[in-house]
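This report concerns only the one structure given below.
Each reported figure results from applying straightforward, stated rules to the coordinates on display, with no laboratory input. The structure displayed is predicted, hence computed values, not measured ones. Cβ coordinates were reconstructed from backbone atoms using ideal geometry, including for glycine residues, and neighbour counts include every protein chain displayed.
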Amino acid sequence: MKIGIVCYPTFGGSGVVATELGMALADKGHEVHFITYNQPVRLDFLSHNLHFHQVVIEEYPLFEYQPYELALSSKMVEVVKKYDLDVIHAHYAIPHAYAAYMAKQMLKEKGLDVGVVTTLHGTDITLVGSHPNYKTAVEFSINNSDVVTAVSNNLKETTNKLFNITNDIKVIYNFIDVDKYDNAHKEECKRIALAKPHERIFTHVSNFRPVKRVEDVVRIFNEVRKEVPSKLLMIGEGPERAKAEKLVKELNISEEVFFLGNSTEVTKILCYSDVFLLPSQTESFGLAALEAMAAGTAVISTNTGGLPEVNIHGVTGYLSNLGDVADMAKNAIAIVKEPSTLEKFKQNAKNHTRQFSLESILPVYEAIYTSCYQKKEA
């Protein structure tokens, strides 16, 4: 099939999932076309099955804010016509599903049809979509998509609660390429470069937005290090990084905390880790936690959003109430204090990720695309 994928080309979870999905589809022989304003960060190669089409936004003095949705929908029409795409998969309701709907209507006027699949990822619903200025457009986009999916049961329930949804929402969990993490462990893991053999390594990966509560990450680690010699790896960039760095200095733990910035080698970095810290205000799914678990890392997280569907309390890690730094620190210490306990949690985490494997999830999306294609041909 010929599939267009519209996503944010960033390090965020939705962009990562969309990119990994597209590359996996191309490996299966499908023709995949990414349509966005920059090449996705994890799209590290192009081939005869894998293409990138850049959305260029012209600068007009008339507009204070340039109309990306118009440029995006026009580019979708151009790509669908030129390459005869069967389906457009829009990751994020606003602006992507909305632009896909407009493209579909423009194509209909030319006697062409394309299926539109919309995947809801979280902040497009909980932060953007619920705002009065966008609510009507989000609701319209969801109800006028051919197929709608959400990355967790919690997100599906939240969407139905916030909006008047007449379309069915199918839950398809985010996925990971388990083999990639197995291969990373087979490579030399230079853990000794960051920590002594008796020290534990904690990791946090995010876009450092307020919702990630990175200062809580630092506070949790500070309590743990008082009991167990440890190091903390902070991976990512964002508006809250400066606050986290300031707190690290105030606590006088700069020699134990490493800010590594954005990285395309998260898989290798996770092979160093013992425990992943994710004290988020909310997570629609928690892809970062799942990636850590696939690398054999236990997870300490909040019990918000879709995280309880990923991190199993007392098995793969522990869940705590939002903001309960003391409980998260206590649970982290319980995991890392004894080597045998740590090893058990790490193995449980790795085993649990098998149900989220690419091999399990990819056929579900292929079936959805096929249903859209059959409607188009009917």
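Along the axis of the charge dipole computed for the range 178-356 (Cβ charges of +1 for Lys and Arg, -1 for Asp and Glu, origin at the Cα centre), the listed residues 277, 254, 311 are led at the positive end by 254.
The translational diffusion coefficient of the range 178-356, from Stokes-Einstein at 4 °C and 1.567 mPa s with a Kirkwood hydrodynamic radius over alpha carbon pairs, comes to 82 µm²/s.
Taking 0.36 nm per residue of separation and subtracting the Cα-Cα distance, full extension of the segment from residue 199 to residue 223 would add 7.2 nm.
Taking the Cα centre of the chain as origin and assigning +1 to Lys and Arg Cβ atoms and -1 to Asp and Glu Cβ atoms, the resulting dipole is close to 440 debye. Rounded to the nearest 10 degrees, the angle from helix 68-83 to the longest Cα principal axis of the chain is 70 degrees.
Length available on full extension from residue 242 to residue 48: 0.36 nm per residue minus the Cα-Cα distance, which gives 65.6 nm.
Each of the peptides 316-324, 237-245 was scored by the mean count of other Cβ atoms within 10 Å over its residues; in descending order, highest first, they stand as 316-324, 237-245. The share of Cα pairs per 10 Å bin across the range 329-374, counted from zero up to the longest distance, runs 23, 28, 19, 16, 12, 3 percent. Extents of the range 92-183, largest first, come to 49, 32, 20 Å (Cα atoms, principal axes, whole angstrom). Cross-link reach is defined here as a Cα-Cα straight distance under 17 Å, omitting same-chain residues fewer than 8 places apart; for residue 75 the aspartates and glutamates meeting it are 58, 59, 84, 86, 109, 113. Looking at the chain, what % of the alpha carbon pairs are farther apart than 29 Å? Percent of Cα pairs beyond 29 Å in the chain: 43. Calculated on the alpha-carbon coordinates, the convex hull of the range 276-320 measures out at 51 cubic angstrom per residue. Angle, helix 13-27 long axis vs. longest principal axis of the chain, Cα atoms, 0 to 90°, nearest 10? Rounded to the nearest ten degrees, it is 70. May I ask for the net charge around residue 215, where only other residues with Cβ less than 15 Å from the Cβ of residue 215 are counted and Lys, Arg are +1 while Asp, Glu are -1? Neighbourhood net charge equals +2.
To the nearest ten degrees, helix 339-352 and the longest principal axis of the Cα atoms of the chain are 10 degrees apart.
Beyond a 31 Å Cα-Cα separation, which of these cross-linked pairs lie in this structure: 135/249; 104/350; 196/350? In this structure, 135/249; 104/350 lie more than 31 Å apart at Cα.
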